[in-house]
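The structure under discussion appears below in the form of structure tokens.
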Amino acid sequence: MKAIEIIGLNKYYGKSRGIENVNLSIAEGEIFGFIGPNGAGKSTTIRTLLNFIHPTSGKAKIFGLDIVNDTKEIKKLIGYVPSEISFYDDMKVKELFKYSAQFYGQNFSERIDQLVEIFEVDLNRNLADLSFGNKKKVAIIQALLHQPKLLILDEPTSGLDPLMQSKFFELLQKENQLGMTIFFSSHILNEVQKVCHRVAIIKDGEIIEVEEIEKLRKRNYKKVTLELLKKQQEVPFQIAGMTNISVHSDNTLISFMFQGNINELTQQFADIQLKNLWLEEPTLEEIFMHYYEQEGAK
Amino acid sequence: MIIFRREWRRNFKSLLIWSISISLMIFLIMSLYKSFSEGFSGQSIQDLLEAYPEGLKAAFGLNSLDMSNILGYYGIESYLMVTLFGAIFAMLLSGSIISKEEHEKTIEFLLAKPVKRLEILTSKIGLVIFNIFLFNLINSLVTFTAFEIYKTADYDQSIFFLLMLGPLLLHLTFASLGLLISVFITKTKAIYSVSIGLVLVAYFFSIIANISDKLKFLKHFSPFSYIDATDIILNGKLHLNYLLVMIFTIIIGIGLTFLFYNKKDITI
């Protein structure tokens, strides 16, 4: 049985697009990354899965249960960390955990103690007084209390300091080894790369690629920018692996994406007069653009 | 029950403050009844009332109710406290109890728990009804005590009962409208202005309907007129049609709240 199975899911807000024809299949035990720029449809997909919003058309199942009709059953099996976190401002941290636990008919006191220790959260603080980072920690803990089979994370690391992030990833990996499936949405490819087995890339409401993280890494794109001494209309050289070539307005700046033998590239530099040179890791946005243009070319 | 308990705790203070302040006010007003009714026999107050403009007297039932009778005195001096302020209390409670979760963005926390929307609504609406009932019960008990302490003669207890029942129905009617509105308007400030505006407009209609013969039809659109104290005291009953309209409004309002909330896209 699949942890998540999404078939032809569409969501429109009136006429404006939320997501279009999303298909995804996530196996039990996977850590699955869901990446895309802001507004691409990540949160829409998650909110549809959780039945906060209703699908316009299409279907989705979580552990074989229908997201619309069986939403209560589904929620016994999942934990959710929203991207924007707000809590009841009249509660203390421990009261929130208690309130949360009541819905599962248990008190989880041992589990709370463990998680509180890992994340260094003060149980007696008022939720209203917590910093964004601390709220995030509380949100993560309340999502993990009942040891869900599926954990859905929407931009979970924003607000966590690097030390806390690595503790968090450690915990995710441990829970994953114990059988927890994790659906991890983010706009930062880098953090997804650290823990995920596979990723889906979403842009403008559509999934444009589903790939194993290993393969994505092997592609090893570099973003190359040259500043030439003399103005030039044409790119001075063309070798295999160069894509998305663009010559900027003043004709001295040339940039392209490169995936291939780095030595071939450096040899080319020897023959031209450079004023400056940048070799950069592409931002996620640029990788998207790259995929996107390739899609268009096909 | 989890959500009901939570809402009970969350709304307890406001219930207490509203109940105590309104019932205390009624008690104080009723405590003046004895000296007032004595003054009445001495003509001076009746002369004073004669001097009031007709419109003003009509608006507050001064021309048809007998202030020397404790029910009449209550109808003129105290009833408004319960009906108007109670309606505002009912609106503040019902307008925020559902929408607050969206306005404060806690709904994503709640909906991620194994609980159906219908269960959330049942608990919350249940609490609204429960608190409005308690609010009216406290007011009624205090009013009854005041009546028993300050009465100068026996009064018709069935009319007293109707004067207590009327506001309860009025509050529930407004509450069901507040609940329904709050499905569509979730910003707390906006919902408060819309719902309290609605109460004030309805109250205004009932006053206008009393003053102007031309605009008498407005009373059909104001729940305040449905439970008019003058009507109840003079006729000894609530109008069946109005009673049905209120019950119908309550059922439809709550029913539609369930229906729309269940289908609603909750985006924060």
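Coordinate-derived values only; no laboratory data. Because the structure is a prediction, the values reported are computed rather than measured. All Cβ positions, glycine included, derive from the backbone under ideal geometry; neighbour counts span all protein chains shown.
Electrostatic tally near B:Thr173: other residues with Cβ closer than 15 Å to its Cβ, Lys and Arg +1, Asp and Glu -1, net 0. Other residues with beta-carbon under 14 Å from the beta-carbon of B:Ile159 carry, at +1 per Lys or Arg and -1 per Asp or Glu, a net charge of -3. Pairs A:Lys94/B:Lys189; A:Lys72/A:Lys94; A:Lys149/B:Lys187; A:Lys98/A:Lys194: which exceed 28 Å Cα-Cα? Cα-Cα > 28 Å for A:Lys94/B:Lys189; A:Lys149/B:Lys187; A:Lys98/A:Lys194; rest within. Among the residues of A:82-89, the average count of other protein chain beta-carbon atoms within 10 Å of the residue beta-carbon is 5.
Rounded to the nearest 20, the size of the Cβ-charge dipole of segment A:122-216 about its Cα centre is 360 debye, with Lys and Arg at +1 and Asp and Glu at -1.
Per residue of peptide B:102-111, the mean number of Cβ atoms on other chains within 10 Å of the residue Cβ is 6. The antiparallel fraction among DSSP beta bridges confined to the protein assembly as shown stands at about 70%.
Across segment B:187-198, coupling constants 3J(HN,Hα) worked out from phi with the 6.51/-1.76/1.60 Karplus curve, θ = phi - 60°, read 6, 4, 4, 5, 5, 5, 5, 5, 6, 6, x, 4 Hz, and Gly and Pro carry x. Angle of helix B:2-31 to the longest C-alpha principal axis of chain B, folded into 0 to 90 degrees and rounded to 10: 10°.
Each Lys and Arg contributes +1 and each Asp and Glu -1, all at the Cβ; summed about the Cα centre of segment B:139-268, the dipole is approximately 540 debye. Whole-Hz Karplus values for segment A:119-133 come out as 8, 6, 10, 8, 5, 9, 6, 6, 4, 5, 8, 6, 6, 4, x Hz, taken residue by residue from phi with 6.51 cos²θ - 1.76 cosθ + 1.60 and θ = phi - 60°; glycine and proline positions read x. Annotation: the residues B:Thr106, B:Thr188, A:Thr181, A:Thr45, sorted from fewest to most other C-beta atoms within 10 Å of their own C-beta, follow the order B:Thr188, B:Thr106, A:Thr181, A:Thr45.
Near the amide H of A:Gly79, within less than 5 Å, lie the amide hydrogens of A:Leu150, A:Leu151, A:Ile152, all on another chain or at least 5 residues away, with H placed in the peptide plane.
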